[in-house]
Each structure stands twice: as C-alpha cells, then as structure tokens.
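Before any comments, here is the structure.
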Amino acid sequence: MELGDAQLACYPVDLLHGADEHGLRTVLRRWWAWVNEVSERPGLRPTVGEPGLDLMVAKLRRPMPPPGTVPRLSLIERLARGDRGPIVSVVAPAGYGKTTLLSQWAQRGDQAFAWVSVDEADNDPKALLAYVAEALNGIEPIGRRVFDALASPTSSVPGSVVPRLASAFSSMSAPVVLVLDDVHALHNSESRAALSVLADHVPDKSRLVLASRDQPPVRIGRLRTAGKILEIGPDDLSLSYTEAASLLRAAGLALDDGDVAELHRRTEGWSAGLYLAALYLREGGSLPGTAPSVGGDDRFISEYIESEFLARASSQDRVFLTRTAVLDQLSGPLCEAVLEQPGSGTALANLARSNVLLVPLDHRGQWYRYHHLFRDMLLAELERREPGLMPALRRRAACWCLRNDLPEEALKYAMAARDAEMATRLVEKLWHPTYQQGRINTLERWFWWLDERGGIEGHPLAAVFASLTAGATGRAAEAERWAGLVDRWHSQHAAGRADPAAEAWAALLRAWMCRRGVEQMRADAAEAARGFTALGIVSPGAPLLEGIARVLCGDLDGGDALFEHAISIGDAGGPDIRAYILCERSLVAMARNHWDRAEAFAGEAREVLGHAGIEDALVCAVQARVAMHHRDVPAARQQLVSAQPVRPVLTSAEPHLAVQARMELARVHLALGDLAGARTLIREIGELLNRRPGLGTLVGEAQALRARLAQEKGSSASGASALTAAELRLLPLLATHLSFPQIGAELFLARTTVKSQALSIYRKLDAQSRSQAVTRARELGLLEG
C-alpha cells in the first residue's frame, strides 16, 4: 500500500468524536483533506539569494501534524536526548507515522529543523543536494561556493559538490536537525552515496535524520559499533495498547478491554490499520475480521473507498474522476483541457468544496491532487472502462502544460503517454536551461528514455544536444555514439536542407569534435555561423571554433580577429565559452610574446569562471604559464594542482581544447623539473592525437615537447602530478562509501580495473590504504573537504 505517513499516521480523533451516522462520510472526507492541507502545489521558485536549481517550495516545508494526533511523547524524548550520536534512522512501512513523529519532534521547538521531502526527481544528485543546500541555507547562510558547485554543469558531485556541502553543514554555528523524509525514493547510487558522505559531517549537537521504508544509505554497522546512530523501527512506532485504547475511545467507540486488545493484536499497533478499523466499526461493521493486518490491506481500503464514493457518484462525476486521475496535479483549466469539456473547472471546484479525497496544494484553491490510493483506484477503473484512453488524456495534459509555460511538466506527461515525438521536441526545448542548472543526470535520463523508444534516431537536434552534453562532461565514448547518429542523418539529407536548425547545430558539433582535421573544422564552424545567423541565433561558439581552426592552421591574426568578434557577441554561450575565448586570446598573445596581454586575458578568464563557480583545465593552464613566465613558482604549482581534478573533463570530444590544455601544463611541469608530471601529460597528448591526428600545428608542438622531454635529466619518480586522467576520474569516488564494484558500475569499468587504478593512486600519493589516499589527496588540494 502506497499511502504516505503524513496521511495515514494522523489520527483526527477530534473529528470522529461526536459524528452521527449521517456525518461519518463527511468526517472521512475532511480527514483526507485536512492531513494534506499543509502541502503546497510544487510550483517552482528560484533559490533565495543564490544561483542554482529552481526549487519546489513544498519539498522544503515541514508538514504539520493536525490536531488530534496521538502524541508520541516517549519516542520524542528519545529523539530529543541526542545521546545516541548524530544520525537518526527511522525505518518502517507506510502508515507507521514516521513523518508524524518527526513533525511532532520539530514542534517542540528545541532545535532548528531543516526539512527535505525526497521524491523520484531527486535521483539526480545535484537536484537532491540543491534541496539540502537550500534547507540548510534557510537556517543559516552556507555560502556561495556550495551553490556555485551545484550550478556548474561540469562540477563533480563527489569531488566538489558533496565536500563543499558537507563542509558547510559541519561548519554551522548553531545545532540543526536536517530531516530527509522518504529516502526510500532514492535509487541513484550517486545520490545515495552523497547522503552517506554527508552523514560523516554532521556538526556537534546537530542531527541527520533519514526516514525511509527500507534501510537508509549510511554505514549502519559502523555507526552502530561507534554508538553514533539512533534507530527507530516498526516496533518502536507501533502504538501501545494504551495509545490504541485512547485512539478508539476518542473515536467514540464503546469497546470493552477485550475488543481493544483484539484490535491491537491484529494490527500489531499499526496506526493506519487501527484508524481504518475505527472508521469501519463506526460505519456499523462487526469486530471479527475487520482490522487490516499490519502493512495494509489494499483490497479492504479500495473497496471501502469505492463503496463510499464511486458507487454513489453520478455517471458524469465518475467520468470526471477517472479521466482526471491521469493528472499529477489538477486545476480547473487543466481539467477542462484534458477532458475537452467546458465546465470541468466548475466540477473540480464542486469536488473541492466537498473534499472528495482531494488534497489542496495551495492556499488559493487553484491546485489539487488526488490522494495516492484513491488515484490508483481511479486509474485502474479508467483502464477497465476505457482501455487505451490514458495516452490521449496525457497528451492533452502535455499540450496544456506547454501552452502554459510548464515545459518540464509537459515532458513528464509526454513520457507517461509514451509519445516519443512530443517528448523529443520538449527535451530539445529544455536542454539548455537544464544543462545550465547542472542537472546532467536528468538530461542523461531523458536522452536514454528517448533512445530506447527510437526518439532520437530521426531527431538530429536531440542527438546533437546529447553529444554536446556528453562531450562537455568528459564522456567521450557517449559523445561519439550520439555524434554517429547525427552523421547518419546528415548523410541521408546531403541533397537538401531538411532542417536548418539541425544543420547549423550539426555543423557546430562537427567543429567541436574535429574528427576530420582543422581545415574541415574551419569549414564546419563557418557553416554553423551562417546557419545561426540565418536563424537569428546569437552564438559565440561558432566564431570561437573557427578562430581555433585558423590558429591551428597557422593563421594567428585571422584566429584572433574571430576571437575578438566572439567576445563582442556577449555572454550568450555561457561563462565556459567566454572563458575559452579569453584563453585562446591569451595563447595567441603568448605566441606573439605579448605577455602583458596574455596575463590580462588569462586573468579575465579566471574571473569569468570564478563568478560562475567553475574550474577548467585550460584556464588553469594559461594561468600557470603566465605565473611561470613571471617566475611565480607557488602560483604556478597551485594552478597545476587546480587543473588536475578537472583535466579528465577535456577529452577527444573537444580535442583541440584537450591538447592545448595538456600542452601548456606539460610546459610548466618541464619548467619546474617535474618530469613525471610532464611525461604523463605528453602521453595523454599522444593518445588524443592518435584519435584526432589532424590537429594542425598542435602535432608539431607535441613532437617538440616529446623531444625536449627526452633531453631532460632529473628525477622521474611518479608522484601526485603523475596521476592519469583515468585515475583522477576515479579519485573523487574513493572519497565516497561506494565499494570497488559499485564504483566500477558508475564508471563502466571492471572491478579489477578499478582496483588496479586505485593501487596506482595509492602508490603515487604515497598511501597504504584508501582512506590514507583520500586524506593525502585532500592535503594536496586534489580533493575538496
């Protein structure tokens, strides 16, 4: 049974008391509505005072227990004492009162409470952690750096976001109880691992509370051994005989001690079962066999609701109820659009006034939802009576949401309708804002959903966006696969321009990936620029790429002129594109020996990314070169360290940037006499050039660097600077509680490969174990935290 704790674990005995036989149906309706009225429609709003994800306000609002709930004083005292450490685990099936207990604890007012109600969307770790950050920020400002990392599309969750958030949590000046409710909704391993790490950073006298229907993602055994966890389970949450008797008496049931004992025995103190049994008995049911067994009896509850509502509803109301059950949230205009019937808004208002299992989602009486169990029953009824109608209804909902500027809601309905065509168009619309919010896992989930249903094969624009996303986040193989789809589409439409927007974006993608040499890259970038101009799209990406191609063809003047033009376009491409343009201008200035200009451009690039909270290897590389020119060795070394964690993001999907960054870093390593670091970078340059051999002047520069390295003499002992891109990709995951097999699943590597890379990391960091390696990496600045 999928009833939420806040709904079933509340006991409105004051409502039941004194209700006559004609009023009990009204009591039930009042109960269903009352226990949910603290919810708000999950409308979007920006985080207050900080950049980042839009947040649904309702997820951050602590539900208030309604009057008449059974006070769980002994449990609240156990929770409030805080003598069992910083972690609280509340685990029980639905209907045991987990949420209600925690809400009652929060009502005491002894500590500040930060609350996050977890749901399916939080399987994107950045979405989950954005809510956690906002909840904590509502108690005490946690600083911009956390929100910067959350907003960056390329920031590492284990390497950057989690350490910054954990540090902010552990640094809070006043005790706080951070409650994460419904943690069982999390199945994404990165989201679960993030919570596990967060559990290690709970400040003194604060608590992290995880409420779930199954074991939460923390190291339970270790926490038990250390005495750092308080565990509340079904036995603790079960109502005692005295509490059960109090509930039944307040419900106006004149039961003798034996009957109370029998109900308590059958329900095993399960609060939802006791309450439903009380309703049944008040309806005139007899005691034997009436009490639902522990865990819930779906048939009993479904039959009760059906007999109470659908059987008494008019045929018109029944159609309204079953067809609108496809909606996650209901409003009058949305219902009218889905049913294609004028007056549906009035029908909804009438139902809302009668509180027929409708949960209000705002204070204005505009948005509602059906209770989950009632909705499930209505959907089953719809499928029986009108099979095949659900997809059409959901498509209408998607169209209404799109017309009303709710594209992500529209996408959800399109996917539920299995309409890949509509979903693809919506993903194309949502790609840029979702990418800018850093929600890469969400994008990946959308792209794979479309791919599995053939939604990308005939939609090159979606494939371009999928490839660009993968390339920008360091997943070269995935970028290549999506780019292959674009190439096949392009070859099939070579005779004519079937889709001007797709043609322009496809040309830009070809230029980014530079798979056919710099001359073709130059032509592709020019084609993209012409296409964007014709479409009225303002983008500095095309002149940036054409400028890089000119530089790599030996035309510094032509390249720099294009970079200057790209800068004049403004910030349309985002901070990373602007930073790349400035870096390219810095490199051109270095080639001309204009070091003042090189320093100015490099500093501006650093400032651009600093405001956006983004780290980038190419920006670090040009900063390191400028510092080394001025013989500022500490600054140069710092930039080398800063470049390492983000170096793996630059791959063969962006080969020109990847080689340029490594080339400049290798030059600095050589200048510092760090042969091992230089050798690692030059080896990676060679691997990149093997995949992309046509990178113009970079090929000769790489040969010259290799020759210079061969002539150098000095220590070649491998240290931290010799960590490979693959090892740097693995390093942040060592700081989580994921096992080697789980890390392998995250990185699509065999367990033996993970172990081999880990041992190499230990050796280079002079560590004997995983924990020592993580500690050493933090000391060196390779990991945050």
Which condition from (1) part of a loop (DSSP other than H, G, I, E, B); (2) open to solvent by 10 Å² or more (accessible area, probe 1.4 Å) is the one that G95 breaks?
(2)
State all residues of region 568-601 that are assigned to a helix (DSSP H, G or I), open to solvent by 10 Å² or more (accessible area, probe 1.4 Å) and under 23 Å from D148 (Cα atoms); if no residue qualifies, say none.
P575, D576, I577, R578, Y580, F601
Residue in region 47-65 that is nearest to L237 (Cα to Cα), counting only those that are in contact with a Pro (Cβ under 7 Å, 6 or more places away or on another chain) and either open to solvent by 30 Å² or more (accessible area, probe 1.4 Å) or modelled with pLDDT under 55 (or both)
M56
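So which of S718, S760 ends up being more than 35 Å from the chain's Cα centre (by Cα) and not charged (D, E, K, R)?
Working: S760 fails: more than 35 Å from the chain's Cα centre (by Cα).
Result of the check over S718, S760: S718.
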Across region 66-92, which residue is farthest from L195 (Cα to Cα) among those that are touching a Pro at 6+ places or on another chain (Cβ under 7 Å) and assigned to a loop (DSSP other than H, G, I, E, B)?
G68
Name, by its number, the condition in (1) at pLDDT 90 or above; (2) over 30 Å from R647 (Cα atoms) that does not hold for P125.
(2)
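Residues in region 452-460: is at least one in contact with a Cys (Cβ under 9 Å, 6 or more places away or on another chain) and over 22 Å from W512 (Cα atoms)?
Initial filter on region 452-460 (in contact with a Cys (Cβ under 9 Å, 6 or more places away or on another chain)): none.
No - not one qualifying residue is present in region 452-460.
Give the number of residues within region 681-716 that are touching a Pro at 6+ places or on another chain (Cβ under 9 Å) and either within 18 Å of C553 (Cβ to Cβ) or among the charged types (D, E, K, R) (or both). Can you show your working first?
So in region 681-716, the residues touching a Pro at 6+ places or on another chain (Cβ under 9 Å) come out as 688-689, 691-692, 695, 698-699.
Narrowing the set further to residues that are either within 18 Å of C553 (Cβ to Cβ) or among the charged types (D, E, K, R) (or both) leaves 689, 691-692, 695, 698-699.
Qualifying residue count, region 681-716: 6.
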So in region 634-664, with the set limited to residues that are hydroxyl-bearing (S, T, Y) and outside any helix (DSSP H, G or I), which one is surrounded by the most Cβ atoms within 10 Å (Cβ to Cβ)?
T651
Please work out if G686 is out of contact with any Leu (no Cβ under 9 Å at 6 or more places or on another chain) and either surrounded by fewer than 18 Cβ atoms within 10 Å (Cβ to Cβ) or of a type in the set (A, V, I, L, M, F, W, C) (or both).
yes
I need the full set of residues from region 765-785 which are over 14 Å from L730 (Cα atoms), open to solvent by less than 70 Å² (accessible area, probe 1.4 Å) and assigned to a helix (DSSP H, G or I), in order please.
L780
Can you give me the number of residues within region 670-691 that are at pLDDT below 95 and among the β-branched types (V, I, T)?
0
Of (1) open to solvent by 50 Å² or more (accessible area, probe 1.4 Å); (2) modelled with pLDDT under 90, F374 satisfies every one except (1)
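So, E727, is that one within 21 Å of Q660 (Cα to Cα) and surrounded by 14 or more Cβ atoms within 10 Å (Cβ to Cβ) or not?
Yes: the conditions hold for E727.
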Name the one entry in D181, D236, D200 that is more than 23 Å from L734 (Cα to Cα) and surrounded by fewer than 22 Cβ atoms within 10 Å (Cβ to Cβ).
D236
Kindly indicate whether any position in region 405-422 is in a loop (DSSP other than H, G, I, E, B), under 30 Å from F147 (Cβ atoms) and open to solvent by 40 Å² or more (accessible area, probe 1.4 Å).
yes
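Can you spot a residue in region 311-320 that is over 30 Å from D405 (Cβ atoms), surrounded by fewer than 19 Cβ atoms within 10 Å (Cβ to Cβ), within 43 Å of the chain's Cα centre (by Cα) and at pLDDT below 65? Even if it seems obvious, please write down each step before you answer.
Of the residues in region 311-320, the ones over 30 Å from D405 (Cβ atoms) are 311-318.
From what's left, surrounded by fewer than 19 Cβ atoms within 10 Å (Cβ to Cβ): 311-318.
If we keep only those that are within 43 Å of the chain's Cα centre (by Cα) too, we end up with 311, 313, 315-318.
Checking which are at pLDDT below 65 leaves us with 311.
Yes, some residue in region 311-320 is over 30 Å from D405 (Cβ atoms), surrounded by fewer than 19 Cβ atoms within 10 Å (Cβ to Cβ), within 43 Å of the chain's Cα centre (by Cα) and at pLDDT below 65.
The values are calculated or read from the model by the stated rules, or taken from the named source; none is laboratory data. Values in this document were obtained by computation on a predicted structure and should not be read as measured data. Glycine also receives a Cβ, built like all others from the backbone with ideal geometry; neighbour counts cover every protein chain displayed. The protein model used for the area step is the full one, side chains on, heavy atoms only, and it has no ligands, DNA or RNA in it. Shrake-Rupley method; radii C 1.70, N 1.55, O 1.52, S 1.80 Å.
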